[in-house]
1. Which of the residues belonging to segment 65-96 are open to solvent by less than 50 Å² (accessible area, probe 1.4 Å) and either without any contact (Cβ under 8 Å) to a residue 12 or more places away in the chain or aliphatic (A, V, I, L, M) (or both)?
2. Scan segment 245-253 and tell me whether some residue there is farther than 13 Å from Gly97 by Cβ and part of a helix (DSSP H, G or I).
3. If I ask for residues that are under 13 Å from the mean Cα position of the chain (by Cα) and of a type in the set (Ser, Thr, Tyr), which ones from segment 21-60 would you list?
4. Looking only at segment 118-134, filter to residues that are open to solvent by 80 Å² or more (accessible area, probe 1.4 Å) and within 23 Å of Asp222 (Cβ to Cβ); which one of those is modelled with the lowest pLDDT?
5. Take Glu257 and tell me if it is outside any strand (DSSP E or B), closer than 23 Å to Thr30 by Cβ and open to solvent by 60 Å² or more (accessible area, probe 1.4 Å).
6. Condition check: outside any strand (DSSP E or B), over 26 Å from Tyr154 (Cβ atoms) and either among the polar types (S, T, N, Q) or out of contact with any Gly (no Cβ under 8 Å at 6 or more places or on another chain) (or both). Does Lys86 satisfy that?
7. Considering only residues that are of a type in the set (Asp, Glu) and out of contact with any strand residue (DSSP E or B) (no Cβ under 9 Å at 6 or more places or on another chain), look in segment 174-221 and name the one that is farthest from Glu234 (Cα to Cα).
8. Exactly one condition in (1) in a helix (DSSP H, G or I); (2) farther than 30 Å from Ser202 by Cβ is not met by Lys77; state its number.
Amino acid sequence: MHIKVNGINYHVKTIGEGEPLLLLHGFTGTLQTWEPFINDWSRSFKLILIDIIGHGKTDHPEDVDRYSMDNVVHDLKEILHTLNIKKVHLLGYSMGGRVALSFSILYPEYVLSLILESSSPGLEPEEERLARIDKDNQLAERIERVGIHEFVDYWEKIPLFSTQEQRLSDVRKQSIRQERLENSTQGLANSLRGMGTGVQPSWWGQLNNFQKPVLLLAGEDDQKFCMIGQKMHELFPNSKILIINDTGHAIHVEQPETFGKIVFDYLKMDKQEVF
């Protein structure tokens, strides 16, 4: 179905019964990212799958301001209102993790727990932020210049995903490629400009105020996000961190069975007892 909020048609699916679990995919992904986990998770949870603005079947407007992190998380709040959902567990991967964390910081009253896979709270040093904004703007221009097919050819080969080349079957790689190709050049380019890591708010100074349970996941071959995850773990008052063996940035892709079980077990545990 499509839910229209603040002038944007969002592609949304709800599946299952139980406590709500909001799932947020990464850059170049769609809600199809979570397809391998739907059968198992939907037996115990009401899954809310959303194509983030600029991705999949959700609108990809020309106005870059519409993609700002503040606007995006406000849209999510309105979607929950439309669905009459007052509190959710959140799971976000990479860009979706930054959206999930931003939502949690700005609207903690809606959050039961937070799971971040290979995610960052943004950048603190001004010079790093400016350099990343410049890099993302260059990438956005490249997407618009070469088109979606040539950009996906390039994106598949960046170092962040090098472990997938070794570990995934050709069928799985083709499935991920097809998911990426379902996006638009305008949507991806504006996502980088509007809610890229450099331009989004930095939440490092807010982590110690977030009291809800947090699970941080990183792949052992993705050292950058292992270090980010560990630093976040030291700041969150109520978190645990797991480093997953034999995987890189996209744990849910390279180790789907392990990932699915970790998420399910975490959501089912009595967190008051553990934390």
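The values are calculated or read from the model by the stated rules, or taken from the named source; none is laboratory data. Since the structure is predicted, the reported quantities are computational estimates derived from the model, not experimental observations. Methodologically, a virtual Cβ is constructed for each residue, glycine included, from the backbone with ideal geometry; neighbour enumeration extends over all protein chains shown. Just the protein is used for accessible areas: all its heavy atoms, side chains included, with ligands, DNA and RNA removed. Shrake-Rupley method; radii C 1.70, N 1.55, O 1.52, S 1.80 Å.
1. Met69, Val72, Val73, Leu76, Ile79, Leu80, Leu83, Ile85, Val88, Leu90, Leu91, Met95
2. Yes.
3. Thr28, Thr30, Thr33
4. Glu124
5. Values: outside any strand (DSSP E or B): yes; closer than 23 Å to Thr30 by Cβ: yes; open to solvent by 60 Å² or more (accessible area, probe 1.4 Å): yes.
Yes; evaluated as a whole, the condition is true for this residue.
6. yes
7. Glu182
8. (2)
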